[in-house]
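Shown next, in structure tokens, is the structure this report addresses.
The values are calculated or read from the model by the stated rules, or taken from the named source; none is laboratory data. Just so you know, these numbers come straight off a predicted model, no measurement behind them. Note that each Cβ is placed from the backbone with ideal geometry, even for glycine, and that neighbours are counted across all protein chains shown.
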Amino acid sequence: MTVFEFSGVTVYSYGLAVALAAAAALALMAYLGKKQGLKAGTVSLFAVFAVPLAVLCARIGYCLVSLDWFLERGVAFFLAFSRGGYMLYGAAAGVLIAALLTARVTRQSAARILDTAAAPAALLIALGRMAEPLVGLGYGHNIEEWFDPFMEKSMIEWEDPSLLYRFPLGAQDYYGDWNFAIFLMEALTALLICLLLLGMKRRREGGKVLLLLLLYAACQIVWESMRMDAVLRWGFVRVSQLISALAIGAVLVICWLNLPGKDRKPARLAGRFGLVLLCCGVVIAMEFALEQKIEFLTWMRMDVCYAVMILSSLGLIFTVLPLWKRAYPKQ
């Protein structure tokens, strides 16, 4: 949806909403930077690096994931930034690079800068998710079909679920059908993480950004599975789910490496890593169960599969959290 045009440049509603969300996040980061003692000008320099790098890396990530599709369209498509096509984890990589560059220029700790950016990043994700309906994204299963006993999706039967045909419970797709508003669940999750980080007491540098990554990745494994819009895939694999699992593994390893020397035992890492693999295995099994591709799990309705998936994601969080607390104690 076009908002206005200025000097040949078209401003779209979704792009404007994300820009305003980024401005709000940077304003929050500037406030937190003063409280946490960042050098003057740090947040401004970070913004100069982060905004273009986040957009560029988000675009690169999207094109790499959709490489065959991108090669058919050529470099001109990559440069058409207004046509959409971005990946959130790519944007996160851009923010990481921006923090490293800012730390190098200002001679400060990159971990400290990332900790200051953690809560604002969660706020940006929350506001960005809320804007997704502007481009027809962020919706889940069709509500009417979900409760239809003949569709065998839910354990709950409801003849007339029209009560849910309204915001914020439902969202309309391109065809006007009412679907579950997954974008709202993602936004509320990010907002809760933001509030948690804002209320958290000071910890060892790097702790806040790792907690953000752990919580967001674990929750996104579930929300990504529930999305029925144009999610990025490699075959039948949802890319964001795969990256989320890898991110959780990375957080686990980083926490183990930052444990006190006496606690940094390989057996501790192996045991936790085994639990992470087990939880990821259960999630994979539930994905196949959703597709009715595992014969002995065909009895499971979709809501049961998602319930098991949520428990597995909680298992991922509580597997890594004890090591995080030990590696990044309160200060």
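Some points to look at:
Residues are listed down the side, and each one gets a yes or a no for (1) at pLDDT below 95; (2) in contact with a His (Cβ under 9 Å, 6 or more places away or on another chain); (3) crowded, with 21+ Cβ neighbours inside 10 Å; (4) farther than 30 Å from LEU196 by Cβ:
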| residue | (1), (2), (3), (4) |
| --- | --- |
| ALA80 | yes, no, no, yes |
| ARG83 | yes, no, no, yes |
| GLY94 | no, no, yes, no |
| ILE113 | no, no, yes, no |
| ALA119 | no, no, yes, no |
| ILE125 | no, no, yes, no |
| LEU137 | yes, no, no, no |
| PHE150 | yes, no, no, yes |
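- Residue satisfying condition, being free of Cβ contacts under 8 Å to residues at least 12 places away in the same chain and closer than 30 Å to PHE150 by Cα, within set GLN292, GLN241, GLN220: GLN292
- Residue tally, condition out of contact with any Phe, Trp or Tyr (no Cβ under 7 Å at 6 or more places or on another chain), without any contact (Cβ under 8 Å) to a residue 24 or more places away in the chain and within 21 Å of CYS305 (Cα to Cα), over region 137-168: 5
- Here LYS208 fulfils each of the conditions (1) among the basic types (Lys, Arg); (2) modelled with pLDDT of 95 or more; (3) farther than 20 Å from ALA117 by Cβ apart from (3).
- Taking region 255-272 as the range and being in a helix (DSSP H, G or I) and buried (at least 17 other Cβ atoms within 10 Å of the Cβ) as the test, the residues that pass are CYS255, TRP256, LEU269, ARG272.
- Selection count where residues are of a type outside the set (Asp, Glu) and either in a loop (DSSP other than H, G, I, E, B) or in contact with an Asp or Glu (Cβ under 6 Å, 6 or more places away or on another chain) (or both), scope region 211-233: 6
- If you filter region 156-168 down to residues that are hydrophobic (A, V, I, L, M, F, W, C) and surrounded by fewer than 12 Cβ atoms within 10 Å (Cβ to Cβ), you find that the one that is nearest to the chain's Cα centre (by Cα) is PHE167.
- Test: residue in region 170-181 that is at pLDDT below 95 and under 17 Å from the mean Cα position of the chain (by Cα): yes
- The listed residues are ALA40, ALA47, ALA30, ALA58, and the only one of them that is at pLDDT 85 or above, under 21 Å from ALA230 (Cα atoms) and not hydroxyl-bearing (Ser, Thr, Tyr) turns out to be ALA58.
- First in region 169-187 and more than 14 Å from GLU145 (Cβ to Cβ), second anywhere and in a loop (DSSP other than H, G, I, E, B), Cβ under 6 Å, 6 or more apart: TYR174/GLY136; ALA181/PRO168; ILE182/GLY138; ILE182/ARG227; PHE183/GLY138; LEU184/PRO168
- Extreme residue, farthest from THR106 (Cα to Cα), among residues of region 31-78 that are assigned to a helix (DSSP H, G or I) and hydroxyl-bearing (Ser, Thr, Tyr): TYR62
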